[in-house]
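For reference, the structure discussed in these notes is given below.
The values are calculated or read from the model by the stated rules, or taken from the named source; none is laboratory data. As the structure is a prediction and not an experimental result, all values here were calculated from the model. Ideal geometry is used to build each Cβ from the backbone, glycine not excepted, and the neighbour counts take in all protein chains shown. The accessibility values were calculated without ligands, DNA or RNA, using every heavy atom of the protein model including side chains. Shrake-Rupley method; radii C 1.70, N 1.55, O 1.52, S 1.80 Å.
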Amino acid sequence: MEKNKLTMTTLDFNFVRSQFPAFSEPSLEGFAHFENAGGSFACGQMIDSLHRYYRETKVQPCYGFEPSHSAGKQMDRARQRMAAWLNVETDEVHFGPSTSQNTYVVAQALRQHLKPGDEIIVTNQDHEANVGVWRRLEADGMVIREWQVNPESAELDPAGLDNLLNDRTRVVAFTHCSNIVGSMHPVREWTDKIHAAGALAIVDGVSYAGHGLPDVDALGADIYLFSLYKVYGPHLGVMVMRKAVNEQLPYQGHFFNEDHPTDRFTPAGPDHAQIASVNGVIDYFEAVYSHHFGDSEAAQTQKTSRVRALFQHTERRNLQVLLDFLAHRKSVRLIGKAVTKNRAPTVSFTVKDRDPADIAAQLAEQKIGIGNGNCYAYRLMGALGIPPDQGVVRTSFVHYTREEEVSRLIGVLDKIL
Ligand SMILES: Cc1ncc(COP(=O)(O)O)c(C=O)c1O
C-alpha cells in the first residue's frame, strides 16, 4: 500500500518551483542550473528566515532579554527540527561553517584519541574533505589504508573494504555518494562491516542530502556530514555525531564547555542567523511533504522517507534520458553507471580531445551552468587516468529541474560534442 503511494505520487513542479525565488528572479530568466552538486538554489523559506533574523533578532542570542531570547529559541528549534528529520537526538546535530571544517575538527580529536599503529581506511573516490584530514594523521603514526575504486567503473567494490578491515582498523571514512561518480552506496551494509571490525564509520553525505535527507540512525553512521548550501539552505555544515562517539572523543572547544555536547566539536562561534535559517530549510521540506502527502499524523521517519522517495523518483526520470544520451556518444567517457538505480543525477564525463573547460564555456554561452574540473575529488581523477587540472564535465540536477531543461541541455550538448 505504502509502496504504491510512493510510486504513484508525482512531484508538483509548479508548487516546488514556486518555493524558490531564483525561478522568478528576472536576472536569472532563461538560466538553466546544472551545477547543483556545487550549490543548489536557496528556498524562499530559508531566505525569509535569514532576513527576519537580521531584521528582528540580530543580537547575541540566549540571554533573558528580548530579542535575544527569541534568537536563541529559533536556533534551538532549528537543531531540534533538523535532528527529527535525520532521526537522531537533538544533541547529536552540530552546525559548523562547512563540512571541510567539521572533518578538520574531528581529525584533531582523533589525533589525540588514536595511537600509533592504529589504522584508518580512506577511499580514493571521496571529495578531499573526507580524505586529506585523515591522511594527515599519518604524521602522528597512524597507518592509512586506501580503499581504491575500480579504474574502469570508478566504483568502490565492497570486497576492497573486506580486504582492508582488520583488528587494528579504528576508522573508515567513505562517501554516501561521490560528487563525480554519482552512485549511492549501501551505507548500512558497509557500516555493519565496519562496526563488526570495531571501527568507526565516518560518512560524507554532502552529495547525497540534496536528493532527500537521510535517516542517519538507519544508516548506522557514527559521524554523518553534509553541507546545507547544497540542500536549499545557507552555507553551513551539518555534522551528526552519535552520542557514544561524542563522549569518547576528546573535546575541541573551550575548556569550560566540555559538558555541552554540541560545543565540543564546533570550537568556532556559530553563525547564529544561518543556524536560525535552518528552520526555513525544514519549512521547505515540510511544505513539500504536506503538499504531496497531506498526512500530518505520519511518523517523522515516514515523512523523511516519503519526501526522499519523491525527490529521487522525480530525478531518475530525467536522469535516464541524460544517461542514455551520453552513453551512446562515441566520443564520451561517462563516469559511473549508465542506469538510474541507486544513482544521483550527478553526471560526469570526459570527451575525447576536448577540454572540459571549453565545453563548460560553450554551455555558459547558452545560459546553461555546469561544473568542470576535478571538483576536489582530485585523487579520483588520478585513479581514473584523468588529468586533475582538466578534470571532467559535471552536470548535476535535483528534483526541481524540469524535463524541458534536461532536453535543452541535451540539445546543446548534441551540437557541441
Ligand atoms: C562530496 C563532497 N564532500 C565534501 C565537500 C566539502 O563541503 P564543504 O564545502 O562544506 O566543506 C563537498 C563540497 O563540494 C562535496 O561535494
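Before we move on, is ARG354 closer than 28 Å to VAL281 by Cβ and at pLDDT 95 or above?
no
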The condition from (1) part of a helix (DSSP H, G or I); (2) at pLDDT 95 or above; (3) not β-branched (Val, Ile, Thr) that GLY369 misses is numbered (1)
Cβ contacts < 7 Å: first residue in a helix (DSSP H, G or I) and open to solvent by 10 Å² or more (accessible area, probe 1.4 Å), restricted to segment 100-111; second residue more than 13 Å from the ligand (Cβ to nearest atom) and modelled with pLDDT of 95 or more, any location; separation 6+ or different chain. Result? VAL105/GLN252; VAL105/PHE265; GLN108/GLN252; ARG111/LEU137; ARG111/ASP140
Take the residues of segment 176-211 that are over 19 Å from VAL238 (Cα atoms) and of a type in the set (S, T, N, Q): which is nearest to the ligand (Cβ to nearest atom)? SER183
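Look at HIS113 and say whether it is under 18 Å from the mean Cα position of the chain (by Cα) and farther than 23 Å from MET184 by Cβ.
On the way: under 18 Å from the mean Cα position of the chain (by Cα): no; farther than 23 Å from MET184 by Cβ: yes.
Considered against the rule, which asks whether it is under 18 Å from the mean Cα position of the chain (by Cα) and farther than 23 Å from MET184 by Cβ, HIS113 comes out as no.
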So ASP263 passes all but one of these: (1) open to solvent by 50 Å² or more (accessible area, probe 1.4 Å); (2) in contact with a strand residue (DSSP E or B) (Cβ under 7 Å, 6 or more places away or on another chain); (3) not small (Gly, Ala, Ser). Which condition number does it fail? (2)
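Name the one entry in ALA377, ALA360 that is open to solvent by less than 30 Å² (accessible area, probe 1.4 Å) and within 22 Å of the chain's Cα centre (by Cα). Before you say what the answer is, go through the steps one by one.
Working: ALA360 fails: within 22 Å of the chain's Cα centre (by Cα).
ALA377 is the lone residue from the list that is open to solvent by less than 30 Å² (accessible area, probe 1.4 Å) and within 22 Å of the chain's Cα centre (by Cα).
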Check PRO97 against each of (1) open to solvent by less than 60 Å² (accessible area, probe 1.4 Å); (2) in contact (Cβ under 8 Å) with a residue 60 or more places away in the chain; (3) on the phi < 0 side of the Ramachandran plot; (4) not hydroxyl-bearing (Ser, Thr, Tyr) and name the one condition it does not meet. (1)
Considering (1) within 16 Å of the ligand (Cβ to nearest atom); (2) open to solvent by 40 Å² or more (accessible area, probe 1.4 Å), say which one PHE34 fails and leave the rest. (2)
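Return a yes/no flag: does segment 341-349 have any residue that is open to solvent by 50 Å² or more (accessible area, probe 1.4 Å) and at pLDDT 95 or above.
Taking every residue of segment 341-349 in turn, at least one turns out to be open to solvent by 50 Å² or more (accessible area, probe 1.4 Å) and at pLDDT 95 or above.
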Residue pairs within 6 Å by beta carbon, gap of at least six or interchain, first lying in segment 158-176 and surrounded by fewer than 17 Cβ atoms within 10 Å (Cβ to Cβ), second among the acidic types (Asp, Glu), listed first then second, are ARG168/GLU119
Mind counting the residues in segment 189-216 that are under 19 Å from PHE95 (Cβ atoms) and assigned to a helix (DSSP H, G or I)? 3
